[in-house]
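Comments concern the structure below.
The values are calculated or read from the model by the stated rules, or taken from the named source; none is laboratory data. Just so it is clear, the structure is predicted and the values come from calculations on it, not from any experiment. Note: ideal-geometry Cβ built from the backbone for every residue, glycine included; neighbour counts use all protein chains shown. Keep in mind that these areas ignore ligands, DNA and RNA; they rest on the heavy atoms of the full protein, side chains included. Shrake-Rupley method; radii C 1.70, N 1.55, O 1.52, S 1.80 Å.
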Amino acid sequence: MRALYFTLLGIAWAMMAAVVTLMLYGCESAPPIVDTAIVEKPVAVPCRIPPIARPLFEVDRVSPADDMVTINRALRAELEQRRGYELKLEAGVKACQ
């Protein structure tokens with residue numbers, strides 16, 4: 001009786017070892033699951049534009065002692081100069097956005 005018990009016990013252990021081996025073998029043979037996902041996320045990039053120099057405006061060149069016609073011409077010329085300067089500044093800001 002004792003011999004039959006050990007024989008059955010040995011068979012049970014052998015079957016369990018076979019089952020575990022097959023389970024492990026089944027896990028090894030499965031190909032790895034590779035899932036590639038593209039994530040679009042904005043990344044901050046430093047803006048690298050040359051500094052825009054402030055021009056010397058016509059009004060800066062006239063003195064208060066000049067006559068009214070000269071000062072008026074300088075003010076009208078400064079309007080055009082400022083428009084050009086603002087366009088350069090806006091282009092620099094747009095290039096960084």
Inset, instruction - Those residues that are at pLDDT below 90 and open to solvent by 70 Å² or more (accessible area, probe 1.4 Å), I need them from region 42-59; list them, please. - result: Pro42, Val43, Ala44, Val45, Pro46, Arg48, Ile49, Pro50, Pro51
Inset, instruction - Tell me which of these Arg73 doesn't satisfy, since it passes every other one: (1) modelled with pLDDT under 90; (2) more than 44 Å from the chain's Cα centre (by Cα); (3) not in a loop (DSSP other than H, G, I, E, B). - result: (1)
Legend entry - Residues that are at pLDDT 70 or above and open to solvent by less than 100 Å² (accessible area, probe 1.4 Å), drawn from region 22-40: Ala37
Inset, instruction - Consider only pairs whose beta carbons are under 6 Å apart and that are at least six residues apart or on different chains; among these, list those whose first residue lies in region 70-93 and is within 20 Å of Pro50 (Cα to Cα) and whose second residue is open to solvent by less than 40 Å² (accessible area, probe 1.4 Å). - result: Gln81/Phe57
Legend entry - Residue check, Val19 modelled with pLDDT of 85 or more, out of contact with any strand residue (DSSP E or B) (no Cβ under 9 Å at 6 or more places or on another chain), of a type in the set (A, V, I, L, M) and surrounded by 10 or more Cβ atoms within 10 Å (Cβ to Cβ): no
